[in-house]
């Protein structure tokens, strides 16, 4: 019976989520907080709502596997297509809609395919330009709002391209004659902590937004994939990217068993608050359940949880009710989740309210 049930679950076609997502009402997170420019808080202390694998919201079932996908996935994907599609999709809508719903930290996976630049999560989740244009459109419409949007680019496969080639491509994507680099008001960065330049701990609100309150971007990249060619292959013309792994704490728990995940989050919170060695780093809470086979409980949760969206919509609203929620936000102000627009348990609205409260308290404490 268990085998038969598992086969049926693997073959299930839907994404396992019927609940409506949050309405696209405009949300300002920090730009209109009274006296925020006077308080001028550090970037690493500001709370943000983040979207894990933000590029998966528009993925289509049956999309091609990415170039870096394993041989096994490429071979068996046609037979397990329904399962793959349910555990690739971590978001339910476009990046523009996420931004409308208060999301301000975007995690985007990038791959270079034969015919261009794409985003991916085992399978291709859209052309990269589509996602960047969503960000630029939102920034253009909210240019004077004093908002901050952060983007973490995680390269998966670059073929023979360098980071500089990637940056040059980003510069080509424009909305109303502006690319993402038009919204950078700091440079050059200390890409790694031991380099000269602006360190991530140096960034303050007024460094990121323009002098006239123009909304701004903060950019990060990862270097952890062995598919990436040497950084020395070409010098970039855009020295705006912080290395994520040396400038941030972002512990990946890789659990689908929610009880075990919550215990690991609690341990991370206690570790961070017990020392000051993380004070000058970006601190991100990796809160989402993941498709995992680390234990029997994780494996069963992965198979029977319908989809990543279904796991997230159940877990997200529980996070807001944690007894240590205040400590969690102080320890890790970037609150990153799957299904960031979920309306289950009124999650998106309550998450934005909680983050707003954290930022108001931060500003008020600095003004004392």
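The values are calculated or read from the model by the stated rules, or taken from the named source; none is laboratory data. Here the structure is a predicted model, which means the values were calculated and not measured. So basically every Cβ, Gly included, is an ideal-geometry build from the backbone, and we count neighbours across all protein chains shown.
When you go through 201, 237 one by one, which is the residue that is surrounded by fewer than 21 Cβ atoms within 10 Å (Cβ to Cβ), assigned to a loop (DSSP other than H, G, I, E, B) and at pLDDT below 95?
237
Hey, does the range 306-321 have a residue that's in a loop (DSSP other than H, G, I, E, B) and in contact with a helix residue (DSSP H, G or I) (Cβ under 6 Å, 6 or more places away or on another chain)?
Looking for residues that are in a loop (DSSP other than H, G, I, E, B) and in contact with a helix residue (DSSP H, G or I) (Cβ under 6 Å, 6 or more places away or on another chain), one finds at least one in the range 306-321, hence yes.
What number of residues in the range 251-270 are within 18 Å of the chain's Cα centre (by Cα) and surrounded by fewer than 19 Cβ atoms within 10 Å (Cβ to Cβ)?
3
So which pairs qualify, if the first residue must be in the range 159-170 and surrounded by fewer than 20 Cβ atoms within 10 Å (Cβ to Cβ), the second must be modelled with pLDDT of 90 or more and not in a helix (DSSP H, G or I), the Cβ gap must be under 6 Å, and the two must be at least 6 apart or on different chains?
Close Cβ pairs (under 6 Å, with a partner that is modelled with pLDDT of 90 or more and not in a helix (DSSP H, G or I)) amount to 159/112; 161/112; 169/117.
Which of the following residues is surrounded by fewer than 15 Cβ atoms within 10 Å (Cβ to Cβ) and either out of contact with any strand residue (DSSP E or B) (no Cβ under 7 Å at 6 or more places or on another chain) or within 30 Å of residue 58 (Cβ to Cβ) (or both): 296, 306?
The match here is 296.
Can you pull out every residue in the range 271-290 that is part of a loop (DSSP other than H, G, I, E, B) and buried (at least 20 other Cβ atoms within 10 Å of the Cβ)?
Hits for the range 271-290 are 287, 288, 289, 290.
Working only within the range 69-92, note down all residues that are assigned to a loop (DSSP other than H, G, I, E, B), surrounded by fewer than 19 Cβ atoms within 10 Å (Cβ to Cβ) and touching a residue at least 60 places away in the same chain (Cβ under 8 Å).
The one that is assigned to a loop (DSSP other than H, G, I, E, B), surrounded by fewer than 19 Cβ atoms within 10 Å (Cβ to Cβ) and touching a residue at least 60 places away in the same chain (Cβ under 8 Å): 80.
Do you know which residues across the range 151-198 are farther than 25 Å from residue 111 by Cβ, assigned to a loop (DSSP other than H, G, I, E, B) and in contact with a strand residue (DSSP E or B) (Cβ under 8 Å, 6 or more places away or on another chain)?
Within the range 151-198, 185, 186, 187, 188, 190, 197 meet the criteria.
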